[in-house]
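The values are calculated or read from the model by the stated rules, or taken from the named source; none is laboratory data. Every value quoted in this text rests on a predicted model; they were computed, and no experiment measured them. Backbone-built Cβ (ideal geometry, glycine too); neighbour counts: all protein chains shown.
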Amino acid sequence: MTPIVKLYWLRVLLGAIAGVVSAILATWVYAASDYTPLLNSITVALALYVVTYYLVKGKLKDKIEQQSKILSTAIGMYFFTWITIFVLSYTAIQVFAF
């Protein structure tokens, strides 16, 4: 597999992980506050994307010619996977936890 393909699937996997983490935080941490849990969950997803961008950039900067490809590869799939897993996880937690 090429580095771009590996990066694509890494972003899909990280989007799923971010969705589960966001759902857990939205249910148990943010539910007691006055802040909107969805906005806080979006912030968690963005923060995880930025952190993993810098980690991946350090590792793949020599293997990928265009540095902008590291940022833009699979950004849509990351957030699509995140929102899908977030909604499913949040709903499952709400149904089964209470």
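The table for this structure:
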{"read-out": "Answer residue from the range 46-98, given it is surrounded by 13 or more Cβ atoms within 10 Å (Cβ to Cβ) and among the polar types (S, T, N, Q) and is farthest from Trp28 (Cα to Cα) among those", "value": "Thr73"}
{"read-out": "Single condition Ile24 does not satisfy, out of (1) in contact (Cβ under 8 Å) with a residue 40 or more places away in the chain; (2) surrounded by fewer than 13 Cβ atoms within 10 Å (Cβ to Cβ)", "value": "(2)"}
{"read-out": "Flag for Val50 being without any contact (Cβ under 8 Å) to a residue 60 or more places away in the chain and within 14 Å of the chain's Cα centre (by Cα)", "value": "yes"}
{"read-out": "Output for the range 1-23, where each listed residue is over 18 Å from Tyr54 (Cα atoms) and at pLDDT below 90", "value": "Met1, Thr2"}
{"read-out": "Flag if Thr36 is exposed (fewer than 11 other Cβ atoms within 10 Å of the Cβ), at negative phi and among the β-branched types (Val, Ile, Thr)", "value": "no"}
